[in-house]
Amino acid sequence: MNSKIRVLVRVRPQLASEKAHSSRTLQWDDHMVRLRLNNASAEKVYRFDHVLGPKSSQEDMYDAAGVEQSIASVLEGYHATLFAYGQTGSGKTFTMEGYSYERTNSTASRERVQSKANVAVASSRVGIIPRVIINLFDAIQTASVLKNKTYRVKCSCVQIYNEQVRRLILSEAHLAQILDLLNPAPTLHCQNRCLRLRWSPEHEFYVEDLTMVECESAADMMGVFHDAIKQKIMATTNLNAASSRSHCIYTLYIESSDAENPGVVTTTKFCLVDLAGSERIMKTGASGVTLQESIGINKSLFVLRQVIQILSDEASNGGTALAKSHVPYRDSKLTSLLKHSLGGNSITIMVVCLAPSDLCFEENLSTLQYAARAQCISNTPVKNADTQMVLVQQLRDQIKLLTHQLHDANTTIEWLKKQAAAAEKNHVLRPVLALDLDNQSDSEGPLSVFSDTDTELDDDLDLGSPSVVIVAGAVSPPKTAATKPARRPTHSAMFAVPEAPQEYLFRDPGMMLPALGGIASMLEVSFGFLWT
């Protein structure tokens, strides 16, 4: 199935510093955003799945995004991604997390963790990620009972800082390695936290040596998440008191197995991405390390926009653009890790954040242009399963089926033996020498017919009368010698019973089928015999 990227727009409230300036260029309603160009009469109109204004709550945002449906899809075996996009200071981190950050000292070492997240907030304030964690475990509990499935949940968190992938979840071993943070050393810090990006045909782009933590409950995972965001690198700029200096990717991994097929494990992931904001150096006042960070952020966002533009052009041209244009996923760590979300096999939601100030006109225009392009991109979500485990399970099912068939065949054979023994005991059938049909040539056809003119056969069987041999259920008329008088015919039938081939002699041709009774029916059903 094809699924277009769903795009939602959220307009944050005005900041105190913005209230002295006008906010006439940006207007909106439930599904539309109007942007007046240079305060003139001309305007651009953009339509999206939902548009939420400054008075919208975190719950309104969560419900409008349809995150509950994404959670349900993840539990059914599909990948999902939700990412927040917009200029710096537009409310992305608040939308994704809902936590507040204390102002940090901008002169501190850039390698030190400078963010101080206040996670003790009201439940109505928490953002999308905490809500996903809580509702995911609720959905798992329900699905475990209703669908008789078993689930395991893990999580990971990385930040992309200056085109370096860094872990935010630290194992005990990693914690022991970075005690030198008390005496900051950028090289050592990077060596202990920086991770390599790899590619394989099966997993495509993935992070090598990624720390994943298995969680038994929502409380466990919330604790891991809170520890992770405290490791983020943040700084103060002219546009944001606590600006994320990296792209943060928080991923939930769900492994599910059915009680009837425990060997088949489906692994899916839900990526929740808080992108760093695009920045204009003149407005942020960045310098030194902060300037270098801004360059890294803008570079990765530039590649992201290139990917969005090429994929949207492909969709607009009916899929012909892809053959002409290369999609530069590899040009950035961010786009490499989001490849499955942009034109891939993921269900993707894009949350676009805007600032309601004329000071942000250019940033809002750029954001809306790429958001409009993104909603043209079609993904192809597919159910995920371990292909090797699926093959193993298919072979197991085949063995199980063949075992049942063999058991049924053995049961039928035993039943036929008992029926034949009972008939012989009651003198309905009299066993004679079995015919050797293995040496019969193909030219003789599938049937062998003998009479008393066949001296060798008559001498062996001592039938004393014409006989009809029934092979594979077809009856051939007997050969009658012209020189001998007609005698009462005797009919014989071959039963190809494994390990006990028998030929039975019928003195009365009229009693053959009635005598066989159920045996004839069973032979017809089980072995395809046609009695005539």
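Sticking with the crude label model, points 7 Å out along Cα→Cβ, report the distance from ILE413 to GLU216 in nm, one decimal please.
Here the answer is 5.3 nm between the modelled labels.
What does the net charge come to around ILE229 if you take all other residues with beta carbon closer than 10 Å to its beta carbon, with K and R at +1 and D and E at -1?
Within the 10 Å Cβ shell, the charges total -1.
Which pairs, out of LYS154/LYS299; LYS44/LYS92; LYS19/LYS92; LYS154/LYS400; LYS4/LYS44; LYS4/LYS55, put more than 25 Å between their alpha-carbon atoms?
Violating the 25 Å limit, Cα to Cα: LYS154/LYS299; LYS154/LYS400; LYS4/LYS55.
What does the net charge come to around SER73 if you take all other residues with beta carbon closer than 13 Å to its beta carbon, with K and R at +1 and D and E at -1?
Net charge in that neighbourhood comes out at +1.
I want the local charge near LEU52. Using Cβ-Cβ distances under 12 Å, sum +1 for each Lys or Arg and -1 for each Asp or Glu among the other residues.
Here the charged neighbours net out to -3.
Exceeding 29 Å between C-alpha atoms, which entries from my cross-link table qualify? They are LYS269/LYS333; LYS149/LYS333; LYS149/LYS230.
From LYS269/LYS333; LYS149/LYS333; LYS149/LYS230, over 29 Å: LYS149/LYS333; LYS149/LYS230.
With a 10 Å Cβ neighbour count serving as the proxy for reagent exposure, in which order, fewest first, do MET61, MET96 appear?
Ascending number of Cβ neighbours within 10 Å: MET61, MET96.
Since every read-out is calculated from the coordinates, none of them should be taken as a lab result. Values in this document were obtained by computation on a predicted structure and should not be read as measured data. Every residue, glycine as well, gets a Cβ built from its backbone with ideal geometry; the counts of neighbours run over all protein chains shown.
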